[in-house]
Amino acid sequence: MGQATVAGTESAVAGSASSSEKDFKLVGYSNFLRKNPRTDRFPVLGFHHIEFWCGDATNTAGRFSFGLGMRLSARSDISTGNTIHSSLLLRSSSLQFLFSAPTSSSDPPPSPQSQSPLPSFSPSASHRFTLTHGLGVRAIAVRVSDAFSAFHISVSHGARPAFPPADLGLGFALSEVELYGDVVLRFISHPSPSPHSPSFLPGFEDLPTPSPCLDYGIRRLDHAVGNVEDLASAVKYVAAFTGFHEFAEFTAADIGTAESGLNSVVLANNEETVLIPMNEPVHGTKRRSQIQTYLDHNVGAGVQHLALATDDVLQTLREMRAKSPAGGFEFMPPPVPTYYVNLRRRAGDVLSEEQMKQCEELGVLVDRDDQGVLLQIFTRPVGDRPTLFLEIIQRIGCMTKDEEGKEYQKGGCGGFGKGNFSELFKSIEEYEKALEAKQQIAAA
Ligand SMILES: [Fe+2]
């Protein structure tokens with residue numbers, strides 16, 4: 001499908017693979033009416049953690065710790081008696097990243113006295129995953145009120161089971177269903193935290209908080225985005241078993257540049273604290289879609305990016321950029337300078353001149369929707385392949401009060417950077433063109 005697609009009409013998906021799904025139609029950003037029908041099939045309380053599967057957990061976790069300012073908080077590995085896998089937990093406020101790698105080449109026989117606190121971990125599956133995808137996200141874990149019933153309700157509404165419910169002890173439970181590709185949606189339930197309960201999961205050894213504590217200001221996971229081959233079937237599948245509602249959508253014509261595009265739908269839970277956007281490639285453009293590039297290099301669907309929220313993106317970026325040359329994360333090139341001239345017209349009423357100056361200096365993109373403002377910046381791919389990357393964001397506005405009068409920020413405030421997609425594409429395309437030129441020189 002080319003860029004000639006009409007924005008804001010049902011024809012936006014006509015011609016794509018998605019058109020086979022009769023009861024799901026993209027209507028485009030301008031026609032989309034946001035509403036929250038609160039249709040969750042079971043209580044989903046928020047993101048719990050993200051698990052990455054990798055070849056070596058110690059080195060991967062160390063790189064993310066240094067690059068993102070996340071401290072090593074818990075572990076299960078050979079030092080704790082786990083000879084099956086090494087799993088290291090990094091934490092920054094409520095954001096939890098778990099890095100797991102097999103330390104055994106074969107799966108252990110099922111045993112009630114397993115050395116592993118993660119019963120769903122399979123060394124052979126993890127080896128296969130890393131061989132196929134490289135470094136990637138294996139599990140998006142959400143906290144539910146009951147991992148047993150979440151699993152059974154999901155499966156009865158079409159979810160493909162990945163791991164049956166397991167009692168982890170101390171009131172903790174885990175289950176998994178397939179999400180897309182080799183990524184699972186993991187359900188975790190646990191009692192309210194107490195001084196005696198483990199800070200992560202039973203069987204993980206908690207590590208003392210060092211002083212001073214490593215912290216660049218990252219507070220939580222805002223959204224976890226997947227790239228899929230066919231958006232309509234993926235959205236239909238996930239919405240059917242979770243009951244999640246459509247929170248936002250964009251079509252290629254809304255956000256594509258002249259050379260690439262995508263269709264995207266954001267699904268959300270009742271509280272809109274779990275935001276799961278999914279993208280599909282749009283074909284027929286001069287250059288291959290960014291999403292198709294991902295699918296090729298990842299060998300199928302998978303997590304494209306994780307958006308990490310901070311209360312002060314400028315401060316977080318100063319810390320992260322200082323680590324870039326020493327092994328931290330690198331960022332996509334900043335947009336062209338005229339972007340910031342236009343920005344003064346678009347966001348001058350919300351951001352001070354000093355803030356806008358710092359956004360320009362640090363390459364931060366700014367977008368807004370009808371409710372708030374979004375400051376965002378994207379890293380380069382975090383591993384060897386042009387697949388998974390990170391987004392650092394700050395949302396401004398949309399403050400509201402709960403029933404007890406406590407102030408909180410509504411989920412998704414300021415949107416998902418629709419207005420910045422084209423800026424992102426331009427910079428990725430420039431980067432790809434530079435890589436292609438280098439490959440041609442090397443081949444000559
Ligand atoms: Fe994002």
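The values are calculated or read from the model by the stated rules, or taken from the named source; none is laboratory data. Since we're looking at a predicted model, the values are computed, not measured. Cβ coordinates were reconstructed from backbone atoms using ideal geometry, including for glycine residues, and neighbour counts include every protein chain displayed. Heavy atoms of the whole protein, side chains included, go into the accessibility calculation; ligands, DNA and RNA do not. Shrake-Rupley method; radii C 1.70, N 1.55, O 1.52, S 1.80 Å.
Quick rundown of the values:
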| quantity | calculated |
| --- | --- |
| Criterion: touching a residue at least 24 places away in the same chain (Cβ under 8 Å), open to solvent by less than 60 Å² (accessible area, probe 1.4 Å) and among the aliphatic types (A, V, I, L, M) - qualifying residue of LEU135, LEU170 | LEU135 |
| Filtered residue count, segment 134-166, keeping only those that are under 27 Å from ALA61 (Cβ atoms) and touching a strand residue (DSSP E or B) at 6+ places or on another chain (Cβ under 9 Å) | 14 |
| Set SER120, SER116, SER93, SER145: member being hydroxyl-bearing (Ser, Thr, Tyr), touching a residue at least 60 places away in the same chain (Cβ under 8 Å) and on the phi > 0 side of the Ramachandran plot | SER93 |
| Residue selected from segment 291-303 under the condition touching a residue at least 24 places away in the same chain (Cβ under 8 Å) and open to solvent by 20 Å² or more (accessible area, probe 1.4 Å), by the criterion nearest to the ligand (Cβ to nearest atom) | HIS297 |
| Unique match (being in contact with an Asp or Glu (Cβ under 7 Å, 6 or more places away or on another chain) and surrounded by fewer than 18 Cβ atoms within 10 Å (Cβ to Cβ)) among ARG160, ARG128 | ARG160 |
| Positions within segment 222-231 being buried (at least 24 other Cβ atoms within 10 Å of the Cβ) and either more than 15 Å from the ligand (Cβ to nearest atom) or over 30 Å from GLY69 (Cα atoms) (or both), in sequence order | VAL228, LEU231 |
| Residue within segment 14-33 that is at pLDDT 80 or above and not in a loop (DSSP other than H, G, I, E, B) present | no |
| Filtered residue count, segment 218-243, keeping only those that are under 12 Å from LEU185 (Cβ atoms) and touching a helix residue (DSSP H, G or I) at 6+ places or on another chain (Cβ under 8 Å) | 3 |
| Unmet criterion (only one of (1) within 16 Å of the ligand (Cβ to nearest atom); (2) among the aromatic types (Phe, Trp, Tyr); (3) open to solvent by 10 Å² or more (accessible area, probe 1.4 Å)) for PHE250 | (3) |
| Complete set of residues in segment 85-102 that are touching a helix residue (DSSP H, G or I) at 6+ places or on another chain (Cβ under 6 Å) and open to solvent by 10 Å² or more (accessible area, probe 1.4 Å) | SER86, PRO102 |
| Which numbered condition ASP107 misses (of (1) open to solvent by less than 70 Å² (accessible area, probe 1.4 Å); (2) more than 16 Å from LEU89 (Cα to Cα)) | (1) |
| Residue check for ALA240: surrounded by fewer than 20 Cβ atoms within 10 Å (Cβ to Cβ), at negative phi, more than 14 Å from the chain's Cα centre (by Cα) and at pLDDT 95 or above | yes |
| Condition check for ALA162: without any contact (Cβ under 8 Å) to a residue 60 or more places away in the chain, of a type in the set (A, V, I, L, M, F, W, C) and touching a Pro at 6+ places or on another chain (Cβ under 6 Å) | no |
| Of residues in segment 279-290 being over 19 Å from ARG380 (Cβ atoms) and surrounded by fewer than 24 Cβ atoms within 10 Å (Cβ to Cβ), the one modelled with the lowest pLDDT | LYS286 |
| Test result for ARG143, more than 27 Å from GLN394 (Cβ to Cβ) and basic (Lys, Arg) | no |
| Boolean, ALA268 is within 16 Å of the ligand (Cβ to nearest atom) and either open to solvent by 20 Å² or more (accessible area, probe 1.4 Å) or under 30 Å from GLN96 (Cα atoms) (or both) | yes |
| Among residues of segment 378-412, those that are under 25 Å from GLY302 (Cα atoms) and in contact (Cβ under 8 Å) with a residue 12 or more places away in the chain, counted | 18 |
| Search result, residues across segment 49-63 that are touching a residue at least 40 places away in the same chain (Cβ under 8 Å) and either assigned to a strand (DSSP E or B) or open to solvent by less than 40 Å² (accessible area, probe 1.4 Å) (or both) | HIS49, ILE50, GLU51, PHE52, TRP53, CYS54, ALA57, THR60 |
| Residues of segment 194-221 satisfying the condition of being within 16 Å of the ligand (Cβ to nearest atom), open to solvent by less than 30 Å² (accessible area, probe 1.4 Å) and in contact with a Phe, Trp or Tyr (Cβ under 9 Å, 6 or more places away or on another chain) | LEU221 |
| Residue match in segment 222-233 (condition: of a type in the set (S, T, N, Q) and within 30 Å of SER114 (Cβ to Cβ)) | no |
